[in-house]
1. What do you reckon, is residue 129 β-branched (Val, Ile, Thr) and within 19 Å of residue 226 (Cα to Cα)?
2. Got a number for residues in segment 192-217 being open to solvent by less than 70 Å² (accessible area, probe 1.4 Å) and part of a strand (DSSP E or B)?
3. Restricting segment 259-286 to residues that are in contact with a helix residue (DSSP H, G or I) (Cβ under 7 Å, 6 or more places away or on another chain) and surrounded by 15 or more Cβ atoms within 10 Å (Cβ to Cβ), which is modelled with the lowest pLDDT?
4. Give all pairs with beta carbons closer than 9 Å in which a residue from segment 248-262 that is in the same structural domain as residue 299 (by the TED database) meets a residue that is of a type in the set (S, T, N, Q) and buried (at least 20 other Cβ atoms within 10 Å of the Cβ); count only pairs at least 6 apart in sequence or on separate chains.
5. Output the residues belonging to segment 271-297 that are of a type outside the set (S, T, N, Q) and in a strand (DSSP E or B).
6. Residue 234 passes all but one of (1) in the same structural domain as residue 93 (by the TED database); (2) polar (S, T, N, Q); (3) at pLDDT 95 or above; which number fails?
7. Condition check: modelled with pLDDT under 90, small (Gly, Ala, Ser) and more than 38 Å from the chain's Cα centre (by Cα). Does residue 30 satisfy that?
8. Looking for whichever is open to solvent by 80 Å² or more (accessible area, probe 1.4 Å) and either at pLDDT 90 or above or polar (S, T, N, Q) (or both) here; the options are 299, 252. Which one fits?
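The values are calculated or read from the model by the stated rules, or taken from the named source; none is laboratory data. This one's a predicted model, so the numbers in the text were calculated from it and none came from an experiment. Neighbour counts run over all protein chains shown; Cβ positions are idealised from the backbone, glycine included. All accessible areas refer to the heavy atoms of the entire protein, side chains included, with ligands and DNA or RNA removed. Shrake-Rupley method; radii C 1.70, N 1.55, O 1.52, S 1.80 Å.
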Amino acid sequence: DSRHISEVVQSIKTLRRQVVARESERAERATLVTQEKLQLANNRFKPIRLSDLWIRPAFGGRGRKIPGTLEAHVNGFRYSTTRQDERGDILFGNIKHAFFQPAENEMITLLHFHLHNHIMVGNKKTKDVQFYVEVMDMVQNVGGGKRSAYDPDELEEEQRERDRKNKINVEFQTFVNRVNDLWGQAQFNGLELEFDQPLRELGFPGVPHKSSVFIVPTSACLVELIETPFLVVTLGEIEIVNLERVGLGQKNFDMTIVFKDFKRDVLRIDSIPSTSLDGIKEWLDTTDIKYYESRLNLNWRQILKTITDDLRAFIEEWFGESDKGYEPSDVEPESDSEDEASDSESLVESEDDDEDEDSEDDSEEEKGKTWEELEREASNADREKGNESDSEEDRKRRKAKSFGKSRGTSLSSSMPKRAKLR
């Protein structure tokens, strides 16, 4: 029976897929760091609650996705839906960074937690957990007809969307403020937790993974929290930033972030518009992060391998030659104080004095000759040399003539010289 055989084969494939997923989940859970249990709030301490949220990454399983509720308990958060198997805990001690990003030009308002250690959300292992709400409905005009900007229905719909966005942002802000007050208590001082908010005015577009996204700095991180996979870079872990393909005529450039842990791969953000270059440099200056510029992309994998293998050889290879006796020609040497400057000037002056004393004997010989004798020697030398454009016969004739004059000087030396008019 071919139909029966097909059903059996399909059942075996489904069972095999379930077994592989269960084993891989078990292997991932075995690598997780053991954490303390969540202490639920009681009657004395009521949990801080925020409802109707979606979670990313989403829980696995088939069926319609349903929103859930995020609650702040004694030592962590718990997110749960009406389904018993959809529940996740985030302990305060495991939170490395917490972000609150209200909807401005985006479609969602979100809370994002970047963790120290991985946790399981459903059957997914992750370090980033996000809770969000869509602030406006995705409505598509099927008819495709244009609507007037003064259409009363259009204006009313825009007003409803603004009111909904403001209402959601206020609810999130209230939740964030209450949690910040909770984190400000004495028992959480060691965690140094506080919700950070991205600074949109410092943001810039770039490609950290596969698609172009809008990357925004915060007070402690560089983040992109809208598109997946998320980007969260801790500024304190950055060693240097190299701005590559920077040059005249380039519309885009790349940013390479090198971390203090040289065994960690560098992070590349490609295709940043050149119009964002000055703003990025200013932001890097304010955060005291060293940055460099290069016209080409560097092979950072080989560079980091050289650093980890032999740091001294790397320093000599990359910086040894450029540091020996090199002084920029267009930069005046700086001194730490006016005293050092005066000392250096005195050193220069004393050396010049010594040179003047050494050259006194040489100059005395020159002082013994009069101006007329020096002028005569110079004119004789010019005549012997001749013009480069003259022929060989002219130079020989001029040389013989000057030789004859030099022989006759002994005879005419006793004749009185005519005074030259000055």
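1. Here the answer is yes, as residue 129 does meet what is asked.
2. Within segment 192-217, residues that are open to solvent by less than 70 Å² (accessible area, probe 1.4 Å) and part of a strand (DSSP E or B) number 10.
3. 262
4. Going by the 9 Å Cβ cut-off, the qualifying pairs are 254/242; 255/242; 256/242; 257/242; 258/242.
5. Within segment 271-297, 272, 273, 291, 292, 293 meet the criteria.
6. Result: residue 234 passes all but (1).
7. Details: modelled with pLDDT under 90: yes; small (Gly, Ala, Ser): yes; more than 38 Å from the chain's Cα centre (by Cα): no.
The answer is no for residue 30.
8. Details: 252 fails: open to solvent by 80 Å² or more (accessible area, probe 1.4 Å).
Of 299, 252, the one residue that is open to solvent by 80 Å² or more (accessible area, probe 1.4 Å) and either at pLDDT 90 or above or polar (S, T, N, Q) (or both) is 299.
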